[in-house]
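Undergrad: To start, I am sharing the structure in question, which I have written as structure tokens.
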Amino acid sequence: MLSSMDGVRRYPAIGGFAACPVPVLFGALAACAAVVADWDVAVALGVLGIALDGLQRAVVLEVSPRGLSRSFAFHGSPLGPSRVVAWSAVDEIVTRWRWPHDFTALETVVVGASGERISFGSVMGIDAYRGLVAEIARRAPEARRTGLTEALLAETRASR
């Protein structure tokens, strides 16, 4: 969880181990370029890696008293329009495995009554992911829970 103030919580869309590949990859490439003394390439790769890591971490999911939103944020301030689903409009919470025949990552889609959708996955870190799904289910108790949502919520309650 990034911050909590006035009933607003922000969760990074990518976190935990999933946030490591960009800095590791670009760091390794920059180190290889430095070994062969190509300093221009090494610096460019380092700067590009830092920029991509920042963009990757800028995607946040925000839970507020009014609803769930997904946006880009820079130093806590949203950039551009956010996709929002009001709690009263949440029609369905669907949790499923991200890819068929691959049981390594979960994805949850929050569907609004008008068809608006916000999706997020366990790449945000399993503790943050479980916490966010539980908070959505608590704030939208009338929403249908399909797929693996009930099993995930039961597992979350059992682990506390």
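Since every read-out is calculated from the coordinates, none of them should be taken as a lab result. Note that the coordinates shown come from a computational prediction; the quantities given were computed from them, not determined experimentally. Glycine also receives a Cβ, built like all others from the backbone with ideal geometry; neighbour counts cover every protein chain displayed.
Undergrad: Please give the calculated 222 nm ellipticity per residue for the chain, where each DSSP H segment of at least 4 residues contributes -39500 (n - 2.57) and the sum is spread over every residue; nearest 500 deg cm²/dmol?
TA: -12500 deg cm²/dmol
Undergrad: Something else: Under the definition of Cα pairs under 8 Å and six or more residues apart, what whole-number percent is the relative contact order of the chain?
TA: 20 percent
Undergrad: Over all Cα pairs of the range 73-159, how is the pair count split among 10 Å bins, expressed in % and running from 0 up to the last occupied bin?
TA: It works out to 16, 47, 30, 6, in whole percents.
Undergrad: To continue, here is another question. Counting other C-beta atoms within 10 Å, which of TRP97, TRP39 has the fewest, and how do the rest follow?
TA: TRP39, TRP97
Undergrad: Of the listed values (i) 1.46; (ii) 1.14; (iii) 1.07, grab the one calculated as Rg/Rh (Cα atoms, Kirkwood Rh) from the structure here.
TA: It is the value labelled (iii).
Undergrad: Multiply the residue gap between ALA44 and SER159 by 0.36 nm, knock off their C-alpha separation, and tell me the result in nm, one decimal place.
TA: 36.9 nm
Undergrad: Cut-off 14 Å, label point 7 angstrom out along Cα-to-Cβ of TRP97: give me the residues of the range 123-160 whose amide nitrogen falls inside.
TA: Answer for this model: 148.
Undergrad: Among VAL85, VAL24, VAL111, whose mean-square fluctuation peaks in a Gaussian network model of the chain (Cα, cutoff 10 Å)?
TA: Checking each option, the largest mean-square fluctuation is seen for VAL24.
Undergrad: While we're on this one: Pop a pseudo-label 7 angstrom from the Cα along the beta-carbon direction at both ALA134 and LEU79 and give the gap in nm to one decimal.
TA: 3.2 nm
Undergrad: Just in the range 51-160: which GluC sites (Glu not before Pro) are loop by DSSP and have at most 13 other Cβ atoms within 10 Å? Walk me through the intermediate numbers first.
TA: Working: sites: GLU62, GLU92, GLU107, GLU116, GLU135, GLU142, GLU150, GLU155; in loops: GLU116, GLU142.
Here the sparse-neighbourhood loop sites are GLU142.
Undergrad: Separate question: Residue by residue through the range 47-57, what is 3J(HN,Hα) from phi via Karplus (6.51 cos²θ - 1.76 cosθ + 1.60, θ = phi - 60°)? Round to whole Hz and write x for glycine and proline.
TA: Each residue of the range 47-57 in turn: 5, 4, x, 5, 5, 5, 5, x, 5, 4, 7 Hz.
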